[in-house]
1. If B:Ser73 satisfies every condition in (1) among the polar types (S, T, N, Q); (2) at positive phi; (3) more than 10 Å from every other protein chain (Cβ to nearest Cβ) but one, which is the exception?
2. Does A:Gly84 satisfy the criteria of being surrounded by 19 or more Cβ atoms within 10 Å (Cβ to Cβ), under 26 Å from B:Phe10 (Cα atoms) and either of a type in the set (D, E, K, R) or touching a strand residue (DSSP E or B) at 6+ places or on another chain (Cβ under 9 Å) (or both)?
3. Of the residues B:Leu11, B:Leu32, B:Leu46, only one is among the hydrophobic types (A, V, I, L, M, F, W, C), under 23 Å from A:Phe90 (Cα atoms) and in contact (Cβ under 8 Å) with a residue 60 or more places away in the chain; which?
4. For the structure I just gave you, tell me whether B:Glu15 is of a type in the set (D, E, K, R), under 26 Å from B:Lys108 (Cα atoms) and in contact with a Lys or Arg (Cβ under 9 Å, 6 or more places away or on another chain).
5. How many of the residues in the range A:52-95 are within 13 Å of chain B (Cβ to nearest Cβ) and either at positive phi or among the acidic types (Asp, Glu) (or both)?
6. Report those strands (runs of 3 or more DSSP E) wholly inside the range A:1-70 carrying at least 1 residues which are out of contact with any His (no Cβ under 6 Å at 6 or more places or on another chain) and among the acidic types (Asp, Glu).
7. Just to be sure before I move on: is A:Phe90 at pLDDT 95 or above and within 23 Å of A:Thr13 (Cα to Cα) in the structure I sent?
8. When you go through A:Lys44, A:Lys40 one by one, which is the residue that is charged (D, E, K, R), within 12 Å of A:Phe90 (Cα to Cα) and within 14 Å of another protein chain (Cβ to nearest Cβ)?
Amino acid sequence: DTAVSQTPKYLVTQMGNDKSIKCEQNLGHDTMYWYKQDSKKFLKIMFSYNNKELIINETVPNRFSPKSPDKAHLNLHINSLELGDSAVYFCASSLGAGQYFGPGTRLTVT
Amino acid sequence: TQLLEQSPQFLSIQEGENLTVYCNSSSVFSSLQWYRQEPGEGPVLLVTVVTGGEVKKLKRLTFQFGDARKDSSLHITAAQPGDTGLYLCAGGSQGNLIFGKGTKLSVKP
């Protein structure tokens, strides 16, 4: 009965590789998000989708490309991974003001 | 650029003590939310306040939204070890959420 799920939980990869993180929500929410949380626990929004349409795209390198096949899924693809991409990535969804977060994906780039 | 300043950054107290965490900004927000995050997990929504001056209570937690909708506070009464975690405030603006940097609370038994 998980509300917002992400896979994988941990991802260790080398610089230059391409990787994807998947997110699914079963709450029936219209809006989904990707956040990046750095080592100091600062949580910053990267993208926001509403009904499969991109509505927020913060200053994120274009190596990051979100894809929403339907309103229950929002995947994040990252090309040419860099050391600085190491962080915890959270997916979230919302219907109104409050957001519901997934468990996070810890990405480590070596 | 909208910013939310949280204070204190770290707080270590004994079980049974009271505490207040503050969240301040120079910007007006349409809503203010508080989240709690435990290690290895995602933030969990505690409360959303939308009206200036609004006060909400959740058991031993009291949340207040400032009259001007620029600041908020979280007060915990008789803290317990289970309250330990990272508390994040987040301001809502134009469908976006701006997060503070968090207050790491440790409650010792």
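The values are calculated or read from the model by the stated rules, or taken from the named source; none is laboratory data. Small disclaimer: the values here were computed from a predicted structure and weren't measured. Note that we place each Cβ from the backbone using ideal geometry, even for glycine, and neighbour counts take in every protein chain shown.
1. Of the numbered conditions (1) among the polar types (S, T, N, Q); (2) at positive phi; (3) more than 10 Å from every other protein chain (Cβ to nearest Cβ), the odd one out for B:Ser73 is (2).
2. No: the conditions fail for A:Gly84.
3. From the options B:Leu11, B:Leu32, B:Leu46, the qualifying one is B:Leu32.
4. Values: of a type in the set (D, E, K, R): yes; under 26 Å from B:Lys108 (Cα atoms): yes; in contact with a Lys or Arg (Cβ under 9 Å, 6 or more places away or on another chain): yes.
Criteria met by B:Glu15.
5. First, the residues of the range A:52-95 that are within 13 Å of chain B (Cβ to nearest Cβ): A:53-59, A:88-95.
Now narrow it down to the ones that are either at positive phi or among the acidic types (Asp, Glu) (or both): A:53, A:58.
Going through the range A:52-95 one residue at a time, the tally reaches 2.
6. Where strands (runs of 3 or more DSSP E) fall fully within the range A:1-70 and carry at least 1 residues being out of contact with any His (no Cβ under 6 Å at 6 or more places or on another chain) and among the acidic types (Asp, Glu), they are A:53-57, A:64-70.
7. Values: at pLDDT 95 or above: yes; within 23 Å of A:Thr13 (Cα to Cα): yes.
Against the criterion (at pLDDT 95 or above and within 23 Å of A:Thr13 (Cα to Cα)), A:Phe90 qualifies.
8. Matching residue, one of A:Lys44, A:Lys40: A:Lys44.
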